[in-house]
Amino acid sequence: MDNNRSASILAAPAAVPAGLHDGGLWRASLVLALVSLLGFGLAYSLAGTFIAGSAFPQQAGGSLLRQGDRVIGSALVAQPFADARYFQPRPSAAKYDPMAAAGSNQARSNPELVQRIEAARAEVAARDGIDPASVPSELLTQSGSGLDPHLSPQAAAVQVRRVAAARGLPEARVAALLAEHVQPRQYGVLGAPRVNVLTLNLALDRLP
């Protein structure tokens, strides 16, 4: 009799725990999907946007620079200046287009890169009236993004004479304005001293 009882127990199907039938599995999957989508995809993004907008409204808005109600650029994105009255940024392989940010991706061994650098060297030397050997390398090479808004103080300094002459200002006054716009290393240790070209040019326009 005991053997028969053991056989019947072994033959009986195991009971399915509550919640693990097909309907329960679907509910669990849907809940996980909704938590992932609404919690991490929506709520987390909204919270991050709200915190950033509250704590850093200028940066969260793109660091836009305005003249009155008109947006004239961003402190984070370089733009070209055709007039000799302005400091010029680094060359851009993307033609300063934020939607096409890129470098040239040319290797040092590429003869086209060498030709372009030498052409840029001659152009900058003639434009700013300096010895070709004195042209800073960043005025010859393109940044990785093509949108670098900064120059080193040295690369800006070689342009002071041209800007001052084009505006009819003393060189010392333009050099002093440049010195005021040199940003130090971040936290005193990160990066290198730099000058934001757009903010410097806006300050030039505000000179009496």
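A few notes on this one:
- Unique residue being of a type in the set (A, V, I, L, M), more than 30 Å from residue 114 (Cα to Cα) and out of contact with any strand residue (DSSP E or B) (no Cβ under 8 Å at 6 or more places or on another chain) when the list is 189, 158, 182, 163: 189
- Restricting segment 67-111 to residues that are touching a strand residue (DSSP E or B) at 6+ places or on another chain (Cβ under 6 Å) and outside any loop (DSSP other than H, G, I, E, B) leaves a set whose member that is farthest from residue 195 (Cα to Cα) is 71.
- Residue match in segment 46-64 (condition: in a loop (DSSP other than H, G, I, E, B), surrounded by 12 or more Cβ atoms within 10 Å (Cβ to Cβ) and not small (Gly, Ala, Ser)): no
- Which numbered condition residue 179 misses (of (1) assigned to a helix (DSSP H, G or I); (2) out of contact with any Pro (no Cβ under 9 Å at 6 or more places or on another chain)): (2)
Here, each number is a calculation from the coordinates, and none is a lab measurement. Because the structure is predicted, anything quoted here is derived from the model rather than measured. Ideal geometry is used to build each Cβ from the backbone, glycine not excepted, and the neighbour counts take in all protein chains shown.
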